[in-house]
1. On each of the three principal axes of the Cα atoms of segment 452-602, give max minus min coordinate, whole Å, ordered largest first.
2. Kirkwood hydrodynamic radius, computed over distinct alpha-carbon pairs, for segment 284-349: how many Å, to one decimal?
3. Apply the Debye scattering formula to the chain, with a single equal point scatterer on each alpha-carbon and no solvent, then give log10 I(q)/I(0) at q = 0.10, 0.11, 0.12 Å⁻¹.
4. So how far, in whole Å, is the C-alpha centre of segment 417-436 from the one of segment 482-553?
5. At 222 nm, what helix-only mean residue ellipticity would the chain give, in deg cm²/dmol to the nearest 500, using -39500 (n - 2.57) for each DSSP H run of four or more?
6. Note down the net charge around I447, summing +1 for each Lys or Arg and -1 for each Asp or Glu among other residues with Cβ under 10 Å from its Cβ.
7. Identify unpaired cysteines across the chain, taking unpaired to mean no other cysteine Cβ lies under 4.7 Å from the residue's Cβ.
8. Restricting to the chain, compute how many DSSP beta bridges are antiparallel as a %, nearest 5.
Amino acid sequence: MSKEIVLDVRNLQVEFSTDEKLIKAVDDISFVLHRGQTLGIVGESGSGKSVTSLAVMDLVPPPGRISRGEIWLRKEQKSDPINLRQLPKKRMQKYRGGQIGMIFQEPMSSLNPVYTCGFQLTEAIRLHQSISEKEARRQALARLQEVKLLPSDEELQQRYIDNWEQIAGRSRLDKRKLQQFVSQQKQAILDRYPHELSGGQLQRVMIAMAISCNPAVLIADEPTTALDVTVQATILDLLRELRDRRQMSMMFITHDLGLIAEIADCVAVMYGGKIVEYGSVEQIFSRPQHPYTKGLLACRPSLNQRPQHLLTVSDFMSVEVLPSGELEIQEKKPGSPPQVSAETWAQRSVKLQQQQPFLEARNLQVGFPIRGVLGKTRRYVMAVNGVSFQVYPGETLGLVGESGCGKTTLGRALMRLIDPMGGQVLFEGQDVTHLSGHKLQQLRREIQIIFQNPFSSLDPRMKIGDAVMEPLLIHSAGKTQRQRRERVAYLLERVGLHPNRMNRYPHEFSGGQRQRICIARALALNPKFIICDESVSSLDVSVQAQVLNLLKELQDEFNLTYIFISHDLSVVKFMSDRILVMNKGQIVEQGDSESIYRQPKEEYTRSLIASIPTGSLEQIQKRQQQRSVFCG
């Protein structure tokens, strides 16, 4: 790896002015990025990671501004570095997207839904190059092939040759038809709209846009947060391959140190707008110095252990805000959490399954119609296809699989938020498949759901106290308004929020706090059964650990039964007694959580396990020896 410095950030400070005070989102940070190197920037939401990347791109939104610092960029080898902070706005536009590309966190909100992917990709290319529309489309196709969203011409030709009788309807191979087929297949991907692509495909389009002008630096801001572990693994492989082939420098921003271990050479750990620790990946993982780094490393559930609870950042440090606004951090020395022995775990499993099933699905089927001419249904896409399982009182049943496998549809069908096409759902022995009216409302009092995105599942115009109270009003629980408010205050306090916050709105809370509000709302009616639908997938690892611990505590206190839906097998293993593995609408494997991890029977399950970023020190050392890493 070259020792040449491509990006040099010196004493960067970014401030946001509010009515009350001036907030330093980025507070006097400095770092360098060498050619071909990947710098991982890690920290929780609000630590200043994304603001740092936006500052490098000169995209800090108002009321924020870069109040101090220098950002030096060297475009090419042996060229003089340029201070981007001194460039006029017009000239900076040439560097933004040209010399520095960026992959944003959420591709669906970064792409315009009313324009095709091809239009948006060619627009990015023509903005920095004086070329024709035809040449821009040719380059766009080349970039899509480079990010492996589109097969190569040779692969497309072979696909035609393998099936040419069916495609062409002829007995002899027609070379002109062959070229037409290849051209049509390539143009079709450009003509698709964002909603016609999956999350992984959209992220590949974003990567293609970011590398379209051969940038010297690529900034990847949480590029895999919303993706399944298998798709996440392919995106990481792609980014590594592009970096090495193009000798491109990369800033990889995430809250997950497990991902950092998979791709980064050096790591900057951010907290409260400052870089609190900096070093090689091996140093950070084997010899962390700062208590915040130690906390982040300990937060993620381990596949090889079964602790009674997860450690969090607060177990490693306490923080006090001084009158000056500075943070004073005191390190704490937590002990290892107690482990659940194999004997205790086996006894619990036997005890749970000796009971009568609490909920049972029998050959459940849910399909979505595909409409044809005049709105007639041509066929059904079976999201859930013949699924059967049982859940026992007090048990947590994990449901794991990739996006699109039918997990969420199954969870909603159990609550009758979606009507099944066939099969039965038995709750406490009663068939609830055909319930309606008052009886269905009673069922939903007993079964509650915690949705994936807490912000979209809370009404932004409704105070959080009213949101938690709403189920009490709908089901006429509590005799007086005072009793209902006391119930809301108790629930907020139980999930770790002060009752005096009940008059605030959702936007005044962090993501983890909003998820706690949703948990409080789900508990309002004292349900017996809760479906957790990807309820921690969008949270920072430290906040995720807090919410997982809370769910376990509430289960013990209220004797709750859970179905825990996730694509992350490490989280599901920590939470669950048994696991169902779902693929293409069917249960492909089921068993207790330990045996699913230790002895998976299906190749699909093995691929899910293999895709989990482990942060193995042996792998880190091997990769660093191969890459000859410099961390300056």
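The values are calculated or read from the model by the stated rules, or taken from the named source; none is laboratory data. What you see is a predicted model; the values in this text were computed from it and never measured. Neighbour counts run over all protein chains shown; Cβ positions are idealised from the backbone, glycine included. To get the accessible areas, we keep the full protein, side chains included, count just its heavy atoms, and leave off ligands, DNA and RNA. Shrake-Rupley method; radii C 1.70, N 1.55, O 1.52, S 1.80 Å.
1. So the extents along the principal axes, rounded to whole Å, are 54, 29, 27.
2. Every distinct Cα pair counted, the radius reaches 13.9 Å.
3. Values, matching the q order: -1.05, -1.25, -1.42.
4. 28 Å
5. -11500 deg cm²/dmol
6. Neighbour charge sum, excluding I447 itself: +3.
7. By the Cβ distance rule, which asks for a partner under 4.7 Å, the isolated cysteines are C117, C213, C299, C405, C518, C532.
8. 60 percent
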